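J.: Let me begin by handing over the structure; questions about it come next.
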Amino acid sequence: QVQLVESGGGLVQAGGSLTLSCAASGRTCNNYPMGWFRQAPVEEREFVAAITWSSGSTSYADSVKGRFTISRDNAKNTVYLRMNSLKPEDTAVYYCAADRDRIMSTRRAEYAYWGQGTQVTVSS
């Protein structure tokens with residue numbers, strides 16, 4: 001089984017920045033795409049960004065495009081989410097996930113493995 005562990009969450013003021021990390025161990029699902037999702041109180045878990053290990057192709061939700069950057073370090077089996085110009089609306093638990101096939105997806109149901117989540121709180 002693949003284990004995913006997120007880190008880097010915390011409290012930041014609006015306009016500030018944070019970088020989240022997702023370390024993968026165990027079976028790596030044949031380098032299937034990785035994604036970041038988030039879930040705020042009262043809201044459903046929503047897509048944030050995704051990336052492929054091979055080409056580095058990326059996909060972003062409209063709400064974070066231009067502010068967040070997803071990247072990966074293949075040698076370290078680690079995916080990052082750099083978050084700039086943070087807004088209070090970005091407050092949520094952020095989850096790292098591994099896709100269940102080779103086709104990058106924005107849909108929650110297409111991801112087979114999930115981390116425990118890391119809390120990001122943006123104050124106004």
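J.: Placing +1 at every Lys and Arg Cβ and -1 at every Asp and Glu Cβ, with all other atoms neutral, what dipole size does segment 85-124 have around its Cα centre, in debye to the nearest 20?
T.: Result for segment 85-124 is approximately 80 debye, rounded to the nearest 20.
J.: Counting pairs of alpha carbon atoms under 8 Å apart in space and at least six apart in sequence, what relative contact order in percent does the chain give?
T.: For the chain, the relative contact order is 36 percent.
J.: Sticking with this one: Just the number, please: carbon plus sulfur as a percent of the accessible area of the chain, 1.4 Å probe, no ligands or DNA/RNA counted.
T.: Accessible surface attributable to carbon and sulfur in the chain totals 45 percent.
J.: Calculate, axis by axis, the spread of Cα positions in the chain along the three principal axes, and write the results as whole Å, longest axis first.
T.: Between the extreme Cα coordinates on each principal axis of the chain lie 42, 29, 23 Å.
J.: Given R₀ = 22 Å, what would the calculated FRET efficiency be for D101 paired with A61, taking r from the Cβ atoms and rounding to 0.05?
T.: 0.60
J.: Within segment 1-69, which GluC sites (Glu not before Pro) sit in a loop by DSSP and count at most 12 neighbouring Cβ atoms inside 10 Å?
T.: E43, E44
J.: Could I ask something else about it? With the crude spin-label approximation of a point 7 Å out along Cα→Cβ, what separation in nm comes out for T121 versus A40?
T.: 1.6 nm
The values are calculated or read from the model by the stated rules, or taken from the named source; none is laboratory data. Worth saying up front: this structure is predicted, and the values here are computed from it rather than measured. Cβ: placed from backbone, ideal geometry, glycine included. Neighbour counts: every protein chain shown. Side chains included, ligands, DNA and RNA excluded: accessible areas come from the protein's heavy atoms. Shrake-Rupley method; radii C 1.70, N 1.55, O 1.52, S 1.80 Å.
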